[in-house]
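Working notes, structure below.
The values are calculated or read from the model by the stated rules, or taken from the named source; none is laboratory data. Treat the numbers as computed from the prediction; the structure is a model and nothing was measured. Heads up, the Cβs are rebuilt from the backbone with ideal geometry, glycines too, and the neighbour counts pull from every protein chain shown.
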Amino acid sequence: MCWKQSHKVTVKHTLTLLPALLLAPLASLHPAETSPIQISDHTVIFKHTSTDPKDPANTSGFNQGPSITALPDGRVMAVWFSSSSEGAESQRIMQVFSADQGRIWGEATVLQDFVGEADFDPALFVAGKETFLFFSAFRPQIEIYFRASSGSGKTWTEPVKLGHPNHTTRSNGIQLSTGELLVPLHLRGTKSGGVLKSRDGGKIWTRYGMVANPEGQGGEPTIAETKSGAIHMMLRTKDGQLWRSISRDKGETWSATEKTGLTSTSSASHLLCTRDGTLVLTYNPGPTPLRFPLIMRTSRDDGLTWSEPTLLADRPAKVGGWSICYPSVTELPDGALVAIWTQIKGSPGELYGDIHSARITLKE
């Protein structure tokens, strides 16, 4: 068993296989498995309201950094940050819910807004009946905050500052097999990654790990506990590779980083371990600096080998300025997955971003 956190137009999106990418060095000794990933119900959760980044009235033109989780009450919740452009003073965190397992989504509302200051990088996760939201804000330097909900996102505690300046979260946290909680975080600027750990259900959080490759890069880490009890961390770097580190003591110490052998652009990836022990990796394969397409792979042997890549999403037109990036994935009670990501278009005088989602089924 694998341990993890508890758990309007719709278009059918058919499974597409990309040519095989470079596998991990150990994995290259074995053939990759055929992809078990089937994708359906591709939905636009939120569409931009403006394309002018300099318009003072533009509060929801640029939408980025989404996170998703399955709530204790059975609904699915998604969050992201929204403004005219990244870092604008009007930037706040939006929320939206789905009552039918990610097929149709409701209207977006504001979840978090320090007025006049930029809120960004929300990260959701669920532990038992508790839902946590981690996010960062410029006040005036970057600080990490968290809020909690015991009512499946209907009500929230006030923001609590965690005291880690110039750090930010990005990917979903996890609940370990021991019941302890881990949330990935990193120094701003694609620098060393680590985790915040709580042994008391989220009252006290302690920082562990300064994980980076030999060049000091270890941004936007994403973590998952596998069936062996090891915690895998994938890291964003600038050298065209995904790097990883492994903890065998519940996140308190981490192995020396190593290349996975998977090519990747400098952008956030997402790692999930399903209840049956399957690792699901979602990322941009590059080459740098391209942030498209967005692909998924699975591993049934703790990351030793990976399936052939499956296309999750690509730019809508083969012209410059597109990014299809920043994925987040959650598992539903029936074993299906829901993925969320952002589709961004940027060109001189024009900037906008939309939030997309899709449902995924993993074949045996």
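Search segment 196-215 for residues that are within 18 Å of ALA123 (Cβ to Cβ) and pair each with any residue that is β-branched (Val, Ile, Thr) and exposed (fewer than 14 other Cβ atoms within 10 Å of the Cβ) when their beta-carbon atoms are under 9 Å apart and the residues are at least 6 apart or on different chains. What qualifies is LEU196/THR206; LYS197/THR206; SER198/ILE204; SER198/THR206; TYR208/THR253; GLY209/THR253. Of the residues making up segment 135-165, those that are in contact with a Pro (Cβ under 7 Å, 6 or more places away or on another chain) and closer than 21 Å to GLU86 by Cβ are PHE135, GLN141, ILE142, GLU143, TYR145.
Taking segment 350-364 as the search range and keeping residues that are assigned to a strand (DSSP E or B) and of a type outside the set (A, V, I, L, M, F, W, C), which one is farthest from HIS42 (Cα to Cα)?
Within segment 350-364, the first condition is being assigned to a strand (DSSP E or B), and the residues that meet it are 350-362.
Among the residues that remain, those that are also of a type outside the set (A, V, I, L, M, F, W, C) are: 350, 352-354, 356-357, 359, 361.
Numbers: GLU350: 25, TYR352: 19, GLY353: 16, ASP354: 13, HIS356: 7, SER357: 6, ARG359: 7, THR361: 13 Å.
Selected residue: GLU350.
Only one of the numbered conditions (1) more than 16 Å from the chain's Cα centre (by Cα); (2) under 21 Å from ILE142 (Cα atoms); (3) hydrophobic (A, V, I, L, M, F, W, C) is violated by VAL195, and that is (1).
Would you call GLY163 modelled with pLDDT under 95 and of a type outside the set (Asp, Glu)? Full working, then the answer.
On the way: modelled with pLDDT under 95: yes; of a type outside the set (Asp, Glu): yes.
Yes.
Look at (1) among the polar types (S, T, N, Q); (2) closer than 30 Å to LEU304 by Cα; (3) touching a Phe, Trp or Tyr at 6+ places or on another chain (Cβ under 9 Å) and you find that SER40 fails only one, number (3). Considering only residues in segment 181-200 that are surrounded by fewer than 17 Cβ atoms within 10 Å (Cβ to Cβ) and modelled with pLDDT of 95 or more, the one that is nearest to SER150 (Cα to Cα) turns out to be ASP200. THR282 meets the conditions (1) over 19 Å from PHE125 (Cα atoms); (2) assigned to a strand (DSSP E or B); (3) among the β-branched types (Val, Ile, Thr) in every case but one. The failed one is (1).
Within the span defined as segment 292-301, one or more residues are more than 26 Å from SER247 (Cβ to Cβ), modelled with pLDDT of 95 or more and surrounded by fewer than 23 Cβ atoms within 10 Å (Cβ to Cβ). Residues in segment 250-266 include none that are within 24 Å of GLU308 (Cα to Cα), among the hydrophobic types (A, V, I, L, M, F, W, C), in contact with an Asp or Glu (Cβ under 7 Å, 6 or more places away or on another chain) and in a strand (DSSP E or B). Looking only at segment 153-170, filter to residues that are hydroxyl-bearing (Ser, Thr, Tyr) and in contact with a Phe, Trp or Tyr (Cβ under 9 Å, 6 or more places away or on another chain); which one of those is nearest to LYS191 (Cα to Cα)? Among them, the one singled out is THR168.
Among the residues of segment 319-333, those identified as at pLDDT 95 or above and either farther than 21 Å from MET77 by Cβ or surrounded by fewer than 23 Cβ atoms within 10 Å (Cβ to Cβ) (or both) are GLY321, TRP322, SER323, ILE324, LEU332, PRO333.
When you look at THR260, is it more than 20 Å from ILE37 (Cα to Cα), β-branched (Val, Ile, Thr) and over 16 Å from the mean Cα position of the chain (by Cα), yes or no?
Details: more than 20 Å from ILE37 (Cα to Cα): yes; β-branched (Val, Ile, Thr): yes; over 16 Å from the mean Cα position of the chain (by Cα): yes.
Answer is yes for this residue.
For segment 198-230, a residue qualifies if it is among the polar types (S, T, N, Q) and more than 18 Å from the chain's Cα centre (by Cα), and the qualifying residues are SER198, THR206, ASN213, GLN217, SER228. The set of residues from segment 201-241 being hydrophobic (A, V, I, L, M, F, W, C), crowded, with 20+ Cβ neighbours inside 10 Å and in a strand (DSSP E or B) comprises VAL211, ILE223, ALA224, ILE231, MET233, MET234, LEU235.
Mind checking which residues of segment 131-160 are closer than 19 Å to ASN172 by Cβ and basic (Lys, Arg)? Answer for segment 131-160, where residues must be closer than 19 Å to ASN172 by Cβ and basic (Lys, Arg): just ARG147. Within segment 322-359, can you find the residues that are in contact with a Cys (Cβ under 7 Å, 6 or more places away or on another chain) and of a type in the set (S, T, N, Q)? Within segment 322-359, THR342 is the sole residue that qualifies. Would you say GLU33 is in a loop (DSSP other than H, G, I, E, B) and either modelled with pLDDT of 95 or more or in contact with a Cys (Cβ under 8 Å, 6 or more places away or on another chain) (or both)? So GLU33 fails the test. So which residues in segment 279-306 are within 17 Å of the chain's Cα centre (by Cα) and not hydrophobic (A, V, I, L, M, F, W, C)? Answer for segment 279-306, where residues must be within 17 Å of the chain's Cα centre (by Cα) and not hydrophobic (A, V, I, L, M, F, W, C): THR282, TYR283, ASN284, PRO285, ARG291, PRO293, ARG297, THR298.
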